[in-house]
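Just so you know, all these numbers are worked out from the coordinates, no wet-lab data involved. It should be emphasised that the depicted structure is a prediction, and the values quoted were computed from it without experimental measurement. Positions of Cβ are backbone-derived with ideal geometry, glycine not excepted, and every protein chain shown enters the neighbour counts.
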Amino acid sequence: MTAWLSVLVPLLVMFFALGMERVESRLRETSVRQDELDELLEQPRPDEVRALFRSGTNRALEMFRLRHRDADGGRPTRRSKVSS
């Protein structure tokens, strides 16, 4: 019984770690860039603050990106992926 536990526990920990790596990689891809969030919090518009309060960060950042896209002449902003 002890021999089975000594083999099973490390295997379970290894599979758990591999699963968490996949979850972390998905979260890393969908995360918000720090400079965008800093700029949103430094120069908010009333509608962006209202969206942040009511709908959360994603909606407020969407409005922020639309504002910057309009200010840049209609060009969509590119999001860079963080490589590790």
Would you give the gap between the C-alpha center of the stretch 1-17 and the C-alpha center of the stretch 24-72, rounded to a whole Å?
43
If I model a spin label as a point 7 Å beyond the Cα along the Cα-Cβ vector, how far apart are those points for L18 and D35 in nm?
3.7
Over the alpha-carbon set of the stretch 1-44, work out the extent along each principal axis and list the three values in angstrom, largest first.
62, 14, 10
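Could the peptides 39-51, 58-70, 6-18 be put in order, highest first, of the mean number of other beta-carbon atoms found within 10 Å of their residues? Don't jump to the answer; show the numbers that get you there.
Working: 39-51: 14.0, 58-70: 15.8, 6-18: 9.7.
Ranked by mean Cβ neighbours within 10 Å, highest first: 58-70, 39-51, 6-18.
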